[in-house]
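Contents: one structure, followed by commentary.
The values are calculated or read from the model by the stated rules, or taken from the named source; none is laboratory data. Not measured: the values here are computed from a predicted model. Positions of Cβ are generated from backbone atoms using ideal geometry, with glycine treated the same way; all protein chains shown enter the neighbour counts.
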Amino acid sequence: MTLKYLMAMAAGATALMSLLSAPASADDTKLEQLKAQGFARIAIANEPPFTAVGADGKVSGAAPDVAREIFKRLGVADVVASISEYGAMIPGLQAGRHDAVTAGLFMKPERCAAVAYSEPVLCDAEAMLVKKGNPKGFKSYADIAKDQSATIGAPGGGTEEKLALEAGVPRERVIVVPDGQSGLKMLQDGRIDAYSLPVLSINDLVMKANDPNLEVVAPVQGAPVYCDGAAFKKGDEALRDAFDVELAKLKESGEFAKIIEPYGFSAAAAMSTTREKLCAATN
């Protein structure tokens with residue numbers, strides 16, 4: 001009743017009276033079905049840190065941890081995960097084999113047309129690795145373009161190389177780097193001024209390097225943010241909306257950050273954008 005009331009208030013008093021007098025639909029009863037079932041079936045990919053399955057079969061990772069907490073708050077005691085290839089997740093959801101997908105399935109317009117996404121949960125953004133103190137004050141690829149002596153390392157043919165070139169960094173100052181360890185070493189040796197990769201990759205590199213003379217700039221200003229959300233079957237929008245209500249509470253209370261940031265994700269990135277923006281993006 002609480003969810004119906006919240007939704008109706010947004011639509012006005014007339015809609016509220018209509019909802020109160022209408023019989024429950026299949027959409028409205030999905031959450032009740034999960035409560036009675038005692039668990040929600042979620043699809044995951046076993047791709048840490050998004051999702052993971054331990055040797056003992058225990059499911060962890062940032063996405064299942066968030067889903068487990070939210071479903072618990074909705075009165076669904078637990079989640080039961082099944083590993084799926086990314087290409088099979090949406091068909092499995094549509095076929096009713098999963099109640100939700102919580103697996104780092106980033107929002108794209110074509111996916112948004114096929115499923116009912118929650119608001120953003122896990123986001124990856126672009127980052128730059130620089131020397132401690134960020135001596136040149138880089139915050140964006142445009143900053144590197146403006147500094148006529150600055151060089152940036154990036155994977156050849158990758159998003160970071162493309163973004164640097166589009167920001168105006170000349171081709172000769174964008175250094176193609178074959179792998180993360182090479183980029184790290186080139187930065188440490190002073191052969192490049194910054195090394196760019198997604199946030200998760202940079203954080204993993206820094207953790208393994210254990211070098212106090214390095215600093216991460218993230219997210220890179222003006223660069224895209226890529227986010228997933230919990231994906232629900234079309235027709236289960238009431239369940240999705242209930243999930244969103246609890247997700248918003250988690251974000252506001254700070255508990256969301258406590259769940260995902262130990263895995264290397266940024267709560268600020270997830271709170272910096274919306275489903276509407278991500279589903280409309282063309283990149």
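Here are some notes:
- Within region 37-47, at least one residue is buried (at least 21 other Cβ atoms within 10 Å of the Cβ) and more than 20 Å from the chain's Cα centre (by Cα).
- Considering region 203-226, and only residues there that are in contact with a helix residue (DSSP H, G or I) (Cβ under 7 Å, 6 or more places away or on another chain) and not in a loop (DSSP other than H, G, I, E, B), the residue that is surrounded by the fewest Cβ atoms within 10 Å (Cβ to Cβ) turns out to be Val216.
- The set of residues in region 100-122 that are of a type outside the set (A, V, I, L, M), within 19 Å of Arg68 (Cβ to Cβ) and modelled with pLDDT under 95 contains only Gly104.
- Scope region 89-124; condition crowded, with 21+ Cβ neighbours inside 10 Å, over 17 Å from Ser266 (Cβ atoms) and among the aliphatic types (A, V, I, L, M); matching residues: Met89, Leu93, Ala100, Val101, Ala103, Leu105, Val115, Ala116
- Looking across Leu129, Leu200, Leu163, one residue alone is under 22 Å from the mean Cα position of the chain (by Cα) and in a strand (DSSP E or B). It is Leu129.
- Matching residues, region 227-257, being farther than 25 Å from Leu31 by Cβ and surrounded by fewer than 17 Cβ atoms within 10 Å (Cβ to Cβ): Gly254
- Within region 187-202, being crowded, with 17+ Cβ neighbours inside 10 Å and farther than 19 Å from Ala269 by Cα holds for Leu187, Ile192, Asp193, Ala194, Tyr195.
- Candidates Gly75, Gly133, Gly96 - the one that is under 30 Å from Gly153 (Cβ atoms) and in contact (Cβ under 8 Å) with a residue 12 or more places away in the chain: Gly133
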